[in-house]
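Reading through the structure tokens given below for one structure.
The values are calculated or read from the model by the stated rules, or taken from the named source; none is laboratory data. The structure presented is a predicted model; accordingly, all values stated were derived computationally and were not measured. So basically every Cβ, Gly included, is an ideal-geometry build from the backbone, and we count neighbours across all protein chains shown. Each accessible area value is taken on the protein alone, full model and side chains, heavy atoms only, with ligands, DNA and RNA left out. Shrake-Rupley method; radii C 1.70, N 1.55, O 1.52, S 1.80 Å.
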Amino acid sequence: DGGITQSPKYLFRKEGQNVTLSCEQNLNHDAMYWYRQDPGQGLRLIYYSHIVNDFQKGDIAEGYSVSREKKESFPLTVTSAQKNPTAFYLCASRFVQGIGSTEAFFGQGTRLTVV
Amino acid sequence: AQSVTQPDIHITVSEGASLELRCNYSYGATPYLFWYVQSPGQGLQLLLKYFSGDTLVQGIKGFEAEFKRSQSSFNLRKPSVHWSDAAEYFCAYFNTGNQFYFGTGTSLTVIP
């Protein structure tokens, strides 16, 4: 079945540690996105990528890093510089076939908790 | 600035009653608008989308939305709500930079 897979579903991090959240898609989508979700704030864009080996910062990129070495994969690293990383993280992907041609498909999310 | 606003943080309706969730956008050109639904601890599922053409769009699960350019709105409606509709609903738009932006969401509670 085609889809977007995020792993792990739950992740615990000690303060000062870097952690990497996985996002894999087998939909042959060009673009991939990372969002952070906090209660009452909706989804905020962290990073996005439209093509392999290229990515752009979203609105809240500080303390995060990404890579896009393969079309199928867009891992997000939450670094120790992110002061408040506890949140629900969502990955999405879509085809790039002109402006607004298709919707974004979402993974099931990773809940990150700092302990 | 481009944005999408959902003025209602939380709505409670009785099962069987009609539902309307509000969404207003601020965007110079013709927007590309979406409604997504999220169950607790889950990802987002697309309900419907508007790109152009007929301003009344039909979606899954009996939902529909109407694009009104004069009011800069894209409200989501359902004639009769079921208990399983309880969830978080997000309005979103897609801009010329290939970025998706989301509203802050409306939480729907359905009472028996």
### chain A - charge dipole about Cα centre, Lys and Arg +1 at Cβ, Asp and Glu -1, debye rounded to 20
300
#### Entry: Note, ³J(HN,Hα) from phi for region A:28-45, Karplus 6.51, -1.76, 1.60, rounded to Hz, x at Gly and Pro
6, 6, 7, 9, 9, 9, 10, 10, 10, 10, 10, x, x, 10, x, 10, 10, 6
### Query
If we sort B:52-60, B:15-23 on the protection proxy, mean other Cβ atoms within 10 Å, highest first, what's the order?
B:15-23, B:52-60
### Message
Can you work out the Karplus-derived ³J(HN,Hα) for every residue in region B:58-63? Use 6.51 cos²θ - 1.76 cosθ + 1.60 with θ = phi - 60°, whole Hz, and x for glycine or proline.
### Response
9, x, 7, 6, x, 8
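Classify chain A as rounded, prolate or oblate, taking a ≥ b ≥ c as the square roots of the eigenvalues of its Cα gyration tensor: rounded when a/c is under 1.5, otherwise prolate if a/b is larger than b/c and oblate if not.
Verdict is prolate for chain A.
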### Query
Can you list residues whose amide H is under 5 Å from B:Phe63's amide H, if they're 5+ apart or on another chain and H is modeled 1.01 Å from N?
none
### Message
Give me the dipole magnitude in Debye, nearest 20, for chain B about the Cα centre, with unit charges on the beta carbon: positive for Lys and Arg, negative for Asp and Glu.
### Response
220
### Principal axis dimensions, largest first and in whole angstrom, of the protein assembly as shown by Cα
49, 40, 38
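Taking 8 Å as the Cα distance limit and 6 or more residues as the minimum spacing, I'd like the relative contact order of chain A as a percentage.
On the way: 289 pairs, mean separation 40.0, N = 115.
Worked out over chain A, it gives 35 percent.
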#### Entry: Selected from A:Leu11, A:Ile60, A:Thr77, residue furthest toward positive end of dipole (region A:1-101; charges at beta carbon)
A:Leu11
## Note on the structure
For chain B, Rg(Cα) over 2.2 N^0.38 Å is 1.02
#### Entry: Area buried, chain B against chain A - accessible surface, total, 1.4 angstrom probe, square angstrom
2000
#### Entry: Cα-only Debye scattering, region A:27-69: base-10 log of I(q)/I(0) at q = 0.20, 0.21, 0.22, 0.34 Å⁻¹
-0.63, -0.67, -0.72, -1.20
### Query
Roughly how many whole Å is it from the C-alpha centroid of region A:17-36 to that of region A:52-92?
8
